[in-house]
1. Using θ = phi - 60° and the Karplus form 6.51 cos²θ - 1.76 cosθ + 1.60, what ³J(HN,Hα) does each residue of the stretch 312-324 get, whole Hz, x for Gly and Pro?
2. Which parts of the stretch 257-275 would a label at Gln85 reach, counting a residue when its backbone N lies under 18 Å from a point 7 Å out along Cα-to-Cβ?
3. Compute the Cα gyration tensor for the stretch 205-254, then decide on rounded, prolate or oblate, letting a ≥ b ≥ c be the square roots of its eigenvalues: rounded whenever a/c is under 1.5, prolate when a/b is larger than b/c in the other cases, and oblate in all that remain.
4. Can you tell me the length gained on complete extension of the stretch Glu238 to Arg309, counting 0.36 nm per residue apart and subtracting the Cα distance?
5. When the chain is modelled as a GNM with alpha-carbon springs shorter than 10 Å, which of Ser310, Ser97, Ser161 fluctuates the most?
6. Please report the net charge: other residues with Cβ closer than 13 Å to the Cβ of Thr77, K and R +1, D and E -1.
7. For the stretch 57-149, what log10 I(q)/I(0) values come out of the Debye formula at q = 0.11, 0.21, 0.24, 0.25 1/Å, with one point per alpha carbon and no solvent?
8. What Kirkwood Rh does the stretch 174-268 have if only Cα atoms enter the pairwise 1/r average? Answer in Å.
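Read-outs: derived from the displayed coordinates by stated rules, not from any lab. Computed from a prediction, not measured in an experiment: that's the story for all the values here. Here the Cβ is made from the backbone with ideal geometry for all residues, glycine too, and neighbour counts use every protein chain on show.
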Amino acid sequence: MHLGRRLFASSALALPGLLKASGARAQSAWPNRPIRLVVPYPPGGASDISGRLQAEVLQKALGSPVVVDNRSGAGGTVGTAHVAQSAPDGYTIMMASPSSHLGAPLLFRTPGYEGVDDFSHIATFSIGTAIVCVHPGLPIRNIQELIAYAKANPGRLNYGSAGAGGANHMLGVLFMLRTGTELTHVPYRGAAPALADLIAGNIQVVFDSFSGVIGAVRAGQVRALGITNPTRWPLAPEMPTVQEQGVADYDLPSFSAVMGPAGIPTEILQRMNTAINEGLKDPALVQRLAANGNIPFPSSPQEFQTLMRSQRDKWRELVRISGVQPE
């Protein structure tokens with residue numbers, strides 16, 4: 001064979017191996033530029049705080065800058081849709097939550113994404129809980145008394161939420177579904193005004209986040225009846241859960257997590273998952289989470305995906321029952 005042909009044939013045979021090795025080196029070199037972590041809400045809120053903690057953990061573990069990009073609008077769908085449509089190369093990820101991935105896709109006619117299947121499930125990060133609270137002037141001191149009062153006065157107890165279709169609203173819908181009671185939903189523009197009206201006695205009940213109401217509970221401004229987490233909350237172990245007071249299967253997890261566009265390579269996905277799970281062991285981080293009423297919530301990508309699929313079914317049913325129509 002002619003020397004030139006032999007060299008060409010030899011090169012051709014080697015080319016696939018060279019390309020494979022080159023691709024492996026490129027992937028193993030990740031990250032070789034800054035990672036962008038999108039928070040689909042404005043700066044300063046609980047979601048923004050969570051996203052910045054996630055960025056710190058990943059930056060420390062990966063040795064590469066992780067820049068927080070606040071892209072708010074349309075109930076979180078603007079930033080979330082942007083991530084869903086980004087390249088799955090591990091350089092665009094996001095702070096995800098049930099609101100952005102389970103609630104918002106059901107509340108908007110054209111959100112621009114499907115909250116579970118259009119994303120790579122990288123890692124859960126932290127989890128919070130809510131407290132069922134009533135105005136202290138009511139003759140109600142536990143969940144069973146709330147159920148009895150609501151059944152004796154159907155529709156006369158008003159419960160406030162941070163807005164139609166949100167987690168506070170759906171916790172009330174789930175409570176009615178599990179207890180056979182009828183409460184009247186009053187949506188507000190945020191949880192703070194709902195709590196203010198509860199303290200003033202203008203509404204009677206809220207299902208609000210632990211961090212949002214614990215100050216008012218400890219000040220005696222509202223009365224706590226039960227924790228919505230299925231087990232007692234480590235930050236307030238003296239509070240009984242709703243489930244242990246006789247309401248079975250009452251749980252709607254409120255967590256923050258890290259997600260990216262569907263198709264992120266497994267190696268990159270696993271590196272980020274390991275980084276998050278290891279970071280959640282840091283006592284200083286645990287303390288910072290506790291300051292916001294949260295605790296660490298580690299998981300594998302597979303466990304995270306299973307959680308999202310089961311919660312998607314529950315949210316769909318609750319939104320259907322609530323009668324909220326997409327905007």
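1. For the stretch 312-324, the Karplus curve yields 4, 5, 5, 5, 4, 5, 5, 5, 4, 5, 5, x, 5 Hz.
2. 260-263
3. Taking the square roots of the gyration eigenvalues as a ≥ b ≥ c, the stretch 205-254 is prolate.
4. 22.3 nm
5. Looking only at Ser310, Ser97, Ser161, the largest GNM fluctuation is found for Ser310.
6. Details: positive: Arg71, Arg109; negative: Glu114, Asp118, Glu327.
Residues near Thr77 contribute -1 overall.
7. Rounded to two decimals, the profile gives -0.50, -1.06, -1.28, -1.35.
8. On the way: mean 1/r = 0.0637 Å⁻¹.
That comes to 15.7 Å for the stretch 174-268.
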